[in-house]
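**Student:** My questions will all concern the structure given below.
The values are calculated or read from the model by the stated rules, or taken from the named source; none is laboratory data. Note that this is a predicted model, so its numbers are computed, not measured. Every residue, glycine as well, gets a Cβ built from its backbone with ideal geometry; the counts of neighbours run over all protein chains shown.
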Amino acid sequence: MNKATLVAAALRGDDPPHRPSSTPIYQTATFEQESPERFGRYDYARSGNPTRDALEGACARLEGAAGASAFASGLAALATVLRLLRPGETIVAHEDLYGGTQRLLGRLAEAQGIDVRYADLVEGDADAWERAIPPAAKMVLVESVSNPLWRAPDIRVLARLAHQRGALLAVDATAMSPWWQRPVALGADLVVHSATKLLSGHGDVTAGIVCSADAELRERIAFLQNAEGAVLGPFDAWLLLRGMKTLGIRLDRQAASAMAVARWLDRRRQRVGDIDRVHFIGLCDHPDHDRHRQQSEGPGLALSFETGDATRSAAILRRLERFSIAVSFGSVDSTASLPCFMSHASVPAERRSLPSDLIRLSIGIEDPDDLISDLEQGLDFLPERLPQPERPAQAAPLERPPCAL
Ligand SMILES: *Cc1c(COP(=O)(O)O)cnc(C)c1O
């Protein structure tokens, strides 16, 4: 079967006895039992719900995993994975991680005594990465590809190094989805998704998925899912199933458009020179382009670029008409953001290394020519006086609560 047919087959509902074409929403909290001693397959919706089961089964099939568990958000999924660690145990995380994940790791370190170490697990070679993973490490965590600089860790090599230490490799593959990358086949033990992004694709649900490579891990994650209870509700599970039916056609289209936008920006960088760097892993001069090609089937749908000045970046964003200013990515609607001030504002000040002028674009399903024209008018516009962005470029530790995303 080809990939598109596999996705369709994985998502087909087969709920007896009525055989509906769409998985029914079991909007129920509890299930009646035959007797006090004889339980049916389902008893209570936190422990299991047929709609959530259908989603979890589909995700496991798409990832080639032993099982999947669905959570109320990507961070709930990550928090559950991190629960596999006990106080005093060590996790090594690649240093370029989603802001909310860094905030979560910081809290865990504080509240539970988990030893969190950041290391560069992308630059360099296997020897350097081996040195970065201490013998006592219990987990290695990376994003493939990372956001918003789209760095690609070598999943095969990191899996080998982690396993030599007896550690688990967890890959947050939110920016790829199983349409483009299946980390289990590359050796990962756990694959995490913020399904809020590409898997949903419609910006209408917050959800997280953990896929486990083997049955034992699947049991441990399912135990935690039930014990801690951050489960995905049946209606949200259904929304996700519905969004995933179009995963392939959405992502192929969005990647092609992202490629066109990245090429246009890169040409503008060379000819006009009012852009400093374009970051898109589909471009040949991205530092991880070749490695990414060895372990994936697509470049993603998001890219970023630098303008040299955070104030100018903010002014460009305000000018854009086809992109809404919003955190998150992966929806059918194009969005633009300044990661430093938005999705990554929760990164602790001492760990903040992103350029403050970085603009991130998530490319939707609009016509790419219209997106490019919009960027052109935004970049051509140079106001005489630039209004200041809401927060200083070199932000001190944040006063207001870190942004939700
Ligand atoms: C958004 C995101 C998360 C968090 O997911 P939520 O669904 O927002 O909780 C985790 N990892 C990555 C890479 C993300 O982009």
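**Student:** For segment 266-286, indicate whether the set of residues that are modelled with pLDDT under 95, out of contact with any Leu (no Cβ under 8 Å at 6 or more places or on another chain) and either within 14 Å of the ligand (Cβ to nearest atom) or among the polar types (S, T, N, Q) (or both) is non-empty.
**Tutor:** yes
Residues are listed down the side, and each one gets a yes or a no for (1) within 20 Å of Pro153 (Cβ to Cβ); (2) among the acidic types (Asp, Glu); (3) within 15 Å of the ligand (Cβ to nearest atom); (4) within 13 Å of the chain's Cα centre (by Cα):
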| position | (1), (2), (3), (4) |
| --- | --- |
| Ala175 | yes, no, yes, yes |
| Ser200 | no, no, yes, yes |
| Gly203 | no, no, yes, no |
| Cys211 | yes, no, yes, no |
| Asp214 | no, yes, no, no |
| Arg218 | no, no, no, no |
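**Student:** Please work out which residue is farthest from Ala262 (Cα to Cα), limiting yourself to segment 126-154 and to residues that are more than 15 Å from the ligand (Cβ to nearest atom) and of a type in the set (Val, Ile, Thr).
**Tutor:** Ile133
**Student:** Given the residues Leu97, Leu84, which is the only one that is of a type in the set (A, V, I, L, M), part of a loop (DSSP other than H, G, I, E, B) and within 9 Å of the ligand (Cβ to nearest atom)?
**Tutor:** Leu97
**Student:** Being touching a strand residue (DSSP E or B) at 6+ places or on another chain (Cβ under 8 Å) and either without any contact (Cβ under 8 Å) to a residue 40 or more places away in the chain or hydrophobic (A, V, I, L, M, F, W, C) (or both) narrows it down to one residue among Leu11, Leu85; which is it?
**Tutor:** Matching residue, one of Leu11, Leu85: Leu85.
**Student:** Give His163, His193 a once-over and let me know the one that is more than 16 Å from the ligand (Cβ to nearest atom) and not in a loop (DSSP other than H, G, I, E, B).
**Tutor:** Testing whether each residue is more than 16 Å from the ligand (Cβ to nearest atom) and not in a loop (DSSP other than H, G, I, E, B) leaves just His163.
**Student:** Moving on to the next point. Return the residue satisfying two criteria in turn: it lies in segment 60-81 and is more than 10 Å from the ligand (Cβ to nearest atom) and in a loop (DSSP other than H, G, I, E, B), and of such residues it is farthest from the chain's Cα centre (by Cα).
**Tutor:** For segment 60-81, the residue satisfying everything is Ala66.
**Student:** Are any residues in segment 177-198 small (Gly, Ala, Ser) and either modelled with pLDDT under 95 or under 18 Å from the mean Cα position of the chain (by Cα) (or both), and if so, which ones?
**Tutor:** Selection gives Ser177, Ala188, Ser194, Ala195.
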